[in-house]
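Below is one structure, written out as structure tokens; the observations come after it.
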Number of protein chains: 2
Amino acid sequence: MGFVLTDFRPLSPRFRVSQGAALDWLAAAHERAEAGNAQDSVPSDFGSRLRLLLRRFGCSPEKIGHRGSCLEDFTHQDWERMRLFSPQYSAAGAPLSERNRVFQDAALQAFDQWYPADGDDAQGSSERAERAPSELIHVTCTGYLAPSAAQLSASTRGWLKETRVTHAYHMGCYAAVPAIRLAAAALSLPQELGHASRGRVDVAHTEFCTLHFRPERHEPEQLVVQSLFADGLIRYSVLRGEDFPAGGNGMEILAIREEQVDASSESMTWVPEESGMAMTLARDVPEKISRSLESYLVRLFAQVGLDYATEKSQTVFAVHPGGPRIIDGVLETLGLEEAQVKWSRKVLFERGNLSSATLPHIWWEILQDKTVSSGVRVVSLAFGPGLTIAGCLLKKRGVAE
Amino acid sequence: MGFVLTDFRPLSPRFRVSQGAALDWLAAAHERAEAGNAQDSVPSDFGSRLRLLLRRFGCSPEKIGHRGSCLEDFTHQDWERMRLFSPQYSAAGAPLSERNRVFQDAALQAFDQWYPADGDDAQGSSERAERAPSELIHVTCTGYLAPSAAQLSASTRGWLKETRVTHAYHMGCYAAVPAIRLAAAALSLPQELGHASRGRVDVAHTEFCTLHFRPERHEPEQLVVQSLFADGLIRYSVLRGEDFPAGGNGMEILAIREEQVDASSESMTWVPEESGMAMTLARDVPEKISRSLESYLVRLFAQVGLDYATEKSQTVFAVHPGGPRIIDGVLETLGLEEAQVKWSRKVLFERGNLSSATLPHIWWEILQDKTVSSGVRVVSLAFGPGLTIAGCLLKKRGVAE
């Protein structure tokens with residue numbers, strides 16, 4: 001057994017809104033933004049047309065039940081007391097620097113929940129050192145500050161020499177795959193090249209996607225995006241197999257593979273701009289991914305000497321739910337049963353698209369699910385700018401109590 | 001021999017300005033920005049006071065001779081034809097999205113120089129595959145776009161399946177150290193966890209620091225920053241020792257160590273804002289680094305069973321020249337000879353502070369220098385937000401022809 005993902009700690013964002021209410025909020029925010037932009041007054045039917053567009057292009061409450069956010073803004077329509085969407089700002093909402101401030105506060109809060117302070121400082125450094133990871137990989141594509149919340153959290157806990165911090169930033173929704181690759185690689189490094197290489201690597205995802213909503217952009221693709229994304233927070237540990245306790249509950253890493261899909265580099269973009277990160281998303285993304293998927297999986301399984309066609313039906317699929325159409329497309333292209341992807345549907349329904357934090361939530365659901373036996377293989381697939389298909393083959397170890 | 005850095009390819013930015021001319025340009029740009037900001041007209045002595053401040057706080061032409069930039073803007077004072085500092089923009093200059101566009105174009109040009117297109121496409125995929133790195137680590141803290149120039153360069157060359165791309169972003173001036181750690185770790189990963197793990201890892205630094213100058217910020221620390229940074233472009237390869245050709249010219253990696261310095265998390269910050277990346281830099285940074293440096297080096301050397309005090313005098317020092325005061329501080333704190341840090345002075349003088357690209361330029365200078373024998377050990381030290389001290393111990397292999 002090489003490396004195991006274990007000790008998953010998902011957090012719930014501070015605020016939670018039903019998808020129905022979220023779509024209402026979006027319609028109201030877009031209408032206000034349009035009024036702020038327009039030279040003339042807003043056409044009287046703008047609101048009703050936008051609601052129609054949201055119903056047509058937005059993700060419906062049947063597919064996403066609730067979404068979480070670190071922002072109270074989405075829970076009410078009292079615009080004067082909005083943090084990012086108050087009338088003091090332009091139609092696009094607050095500038096990037098204000099969104100950064102919210103990001104940093106919320107990310108620090110997440111680290112505080114993941115690494116509670118010592119009850120008694122007098123217990124001193126030995127206990128602290130025990131809990132310090134040898135490496136802390138901070139994964140995000142929604143906020144870039146230096147020092148990062150990961151650096152600050154390590155230094156305020158006194159983990160100055162024992163914990164090195166790595167930023168795995170700006171790799172979009174697929175970043176959990178390079179992150180676990182970096183973690184396994186860190187644990188493979190000869191001791192002298194990384195003083196902490198024999199310890200525990202923690203991976204912490206802080207994705208505050210809802211900070212980047214842009215109510216002044218009414219294009220259908222923006223309505224798709226704004227109806228899908230939510231905040232996602234999860235951390236987990238990566239251990240060498242020999243350090244994983246017998247009978248423990250975790251995911252063994254069997255194989256990792258990252259590829260780009262041919263001739264589709266402009267299908268999806270993600271760039272920091274003046275009023276937050278900006279995304280574009282072409283309609284043909286699901287199709288382009290579908291086309292490459294089966295041959296990708298054949299290569300992934302072959303890395304560990306397995307035949308995809310033989311194994312497929314006994315394998316569980318953790319599919320990054322970019323949106324409901326992505327799961328549908330994967331299901332249809334690969335000819336899977338609905339039961340094989342149900343944890344992806346569940347995470348999408350309960351939380352929305354959490355960018356890079358989504359796959360780890362799906363892994364956690366599969367680990368929690370007692371109907372999935374120890375030893376079952378889990379294919380994981382995520383997609384993002386490039387276009388990139390990043391995936392891995394995992395094997396469930398142990399069953400949660 | 002574990003891992004070797006080799007095949008360094010520094011590039012010169014398209015434009016190059018003498019430090020004297022650069023300081024003049026800064027004074028003029030600040031004066032214009034102040035006129036744009038001020039309610040009243042600019043005090044008549046503003047320009048002369050600013051020149052005085054620049055002389056006092058800015059880096060002098062004795063320490064930096066020239067700096068390079070991808071922008072023509074710094075070579076003239078015809079403001080109408082400036083790309084980022086034209087009168088059409090606010091006093092701060094162009095918004096972040098425009099700076100991003102310049103970044104992406106310039107980064108793509110750098111990759112085109114590093115990986116020239118095949119003369120004849122008919123030669124086909126076998127030649128392409130031979131030149132494709134197994135992993136491409138893109139290092140930058142000055143531009144975050146997805147897809148990145150690294151992803152686009154790989155996909156347009158047909159390196160879709162054979163090259164995985166990792167973004168090592170937002171780790172400031174010290175990022176070359178985590179980058180070579182990630183490269184060595186990638187080459188240590190078991191084959192099935194990264195299909196390319198037995199190949200060549202390329203590290204490409206594209207730092208376009210000059211895109212983020214902010215002429216409306218006149219504080220002394222901003223004048224320091226604006227007088228130091230320049231654009232830096234370099235790529236190199238990391239190979240497993242057994243793949244390094246006998247008699248080749250490269251740097252063997254002996255040890256790597258990354259630490260944070262106690263209680264100094266706000267000494268240096270770096271954050272994307274509306275008008276570019278914003279930096280703060282406290283005056284006590286050199287002092288805080290100096291305080292921790294000797295004990296850090298003792299730990300670094302001990303990782304490979306070496307005694308720092310014994311080895312110090314025969315060791316060459318590659319010190320990230322954050323500014324001249326950083327080199328002076330290290331020299332004084334450690335009691336080094338000027339000759340031990342001369343390559344750091346040379347790179348600072350010839351190119352300025354190139355953020356994460358600086359250390360690799362110093363390594364390249366040491367490799368080029370025939371007076372440095374094969375077998376000489378090279379301590380490398382870099383500093384950045386955290387505060388972080390990131391360093392490594394290298395050993396020169398072979399002497400350049």
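The values are calculated or read from the model by the stated rules, or taken from the named source; none is laboratory data. From a predicted model like this one, the values you see are computed outputs, not experimental measurements. Counting neighbours? That spans all protein chains shown, and the Cβs are built from the backbone with ideal geometry, glycine included. Heads up: the accessible areas ignore ligands, DNA and RNA and are worked out on the full protein's heavy atoms, side chains in. Shrake-Rupley method; radii C 1.70, N 1.55, O 1.52, S 1.80 Å.
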- line: By the C-alpha gyration tensor axes a ≥ b ≥ c (rounded if a/c is under 1.5, else prolate when a/b exceeds b/c, else oblate), the shape of chain B is oblate
- line: Given Cβ charges of +1 for Lys and Arg and -1 for Asp and Glu, the option among A:Ser356, A:Val238, A:Leu211 whose Cα lies farthest towards the positive end of the dipole of chain A is A:Val238
- prompt: To the nearest whole number, what is the average tally of beta carbon atoms from other chains within 10 Å of the beta carbons of peptide A:176-184?
  reply: 4
task: Let me know the charge dipole size of segment A:1-74 about its Cα centre in debye, to the nearest 20, where only the beta-carbon of Lys, Arg (+1) and Asp, Glu (-1) is charged.
output: 280 debye
task: Tally up the carbon and sulfur contribution to the accessible surface of segment B:1-101 as a whole percent, 1.4 Å probe, everything protein left in place.
output: 45 percent
message: For B:Arg55, place a label point 7 Å from Cα along the Cα-to-Cβ direction in every copy; what are the distances to the other copies, in nm, shortest first?
response: 7.3
query: What are the lysines whose alpha-carbon lies under 26 Å from the alpha-carbon of A:Lys288, with same-chain residues fewer than 8 places away excluded?
result: A:Lys63, A:Lys312, A:Lys342, A:Lys346, B:Lys161
query: Counting partner chain Cβ atoms within 10 Å of every residue's Cβ in B:384-392, what's the average?
result: 4
task: Taking 40 Å² as the minimum loss, tell me which residues in segment B:262-310 lose that much accessible area going from the chain by itself to the full protein complex (1.4 Å probe).
output: B:Ser265, B:Val271, B:Pro272, B:Glu274, B:Gln303
task: With an 8 Å cut-off on Cα pairs and a minimum separation of 6 or more residues, tell me the relative contact order of segment B:142-276 in percent.
output: 25 percent
statement: The local net charge around A:Ile234, scoring Lys/Arg +1 and Asp/Glu -1 for residues other than A:Ile234 whose Cβ lies under 14 Å from its Cβ, equals -3
- request: Can you tell me the relative contact order of chain B? Whole percent, Cα pairs under 8 Å, sequence separation 6 or more.
  value: 23 percent
field: Cβ neighbours within 10 Å from other chains - mean over B:45-55
entry: 0
task: Could you size up the charge dipole of the protein assembly as shown around its Cα centre, putting +1 on the beta carbon of Lys and Arg and -1 on that of Asp and Glu, and report it in debye to the nearest 20?
output: 860 debye
- request: Please say if the protein assembly as shown is rounded, prolate or oblate, where rounded means a/c under 1.5 for a ≥ b ≥ c the square roots of the C-alpha gyration tensor eigenvalues, and otherwise the choice is prolate for a/b larger than b/c and oblate otherwise?
  value: oblate
222 nm mean residue ellipticity, helices alone, for chain A (DSSP H n ≥ 4; -39,500 (n - 2.57); rounded to 500): -11000 deg cm²/dmol
query: What's the buried accessible area, both sides, between B and A using a 1.4 Å probe, rounded to 100 Å²?
result: 5100 Å²
- line: Stretched fully, the stretch from B:Glu219 through B:Glu80 gains (0.36 nm per residue minus C-alpha distance, one decimal, in nm) 47.5 nm
Cα-centre dipole for chain B with unit charges at Cβ (Lys and Arg positive, Asp and Glu negative), debye to 20: 520 debye
- request: Sort the following peptides by mean Cβ neighbour count (other Cβ atoms within 10 Å, averaged over residues), highest first: A:314-320, A:42-48, B:70-76.
  value: A:314-320, B:70-76, A:42-48
- prompt: Round to a whole number: what % of the accessible area of segment B:219-351 belongs to carbon and sulfur, probe 1.4 Å?
  reply: 54 percent
- request: Can you bin segment A:231-298 into rounded, prolate or oblate? Criterion: square roots of the alpha carbon gyration tensor eigenvalues sorted a ≥ b ≥ c, rounded for a/c under 1.5, prolate for a/b above b/c, oblate for the rest.
  value: oblate
- prompt: What net charge do the residues around A:Val347 carry, taking every other residue with its C-beta under 14 Å from that of A:Val347, with Lys and Arg at +1 and Asp and Glu at -1?
  reply: +1
- prompt: Among B:Val261, A:Ala91, B:Ala33, which residue has its Cα positioned farthest towards the positive end of the charge dipole of the protein assembly as shown, with +1 placed on the Cβ of Lys and Arg, -1 on the Cβ of Asp and Glu, and the dipole taken about the Cα centre?
  reply: B:Val261
message: Suppose a student asked you for the relative contact order of segment A:266-379, using Cα pairs under 8 Å spaced at least 6 residues apart; what percent would you report?
response: 23 percent
- line: Between the modelled labels at A:Ser373 and B:Thr156 (7 Å from Cα along Cα→Cβ) the distance in nm is 5.2 nm
message: Give me the 1.4 Å probe accessible area per residue for the protein assembly as shown, excluding ligands and nucleic acids, in Å².
response: 35 Å²
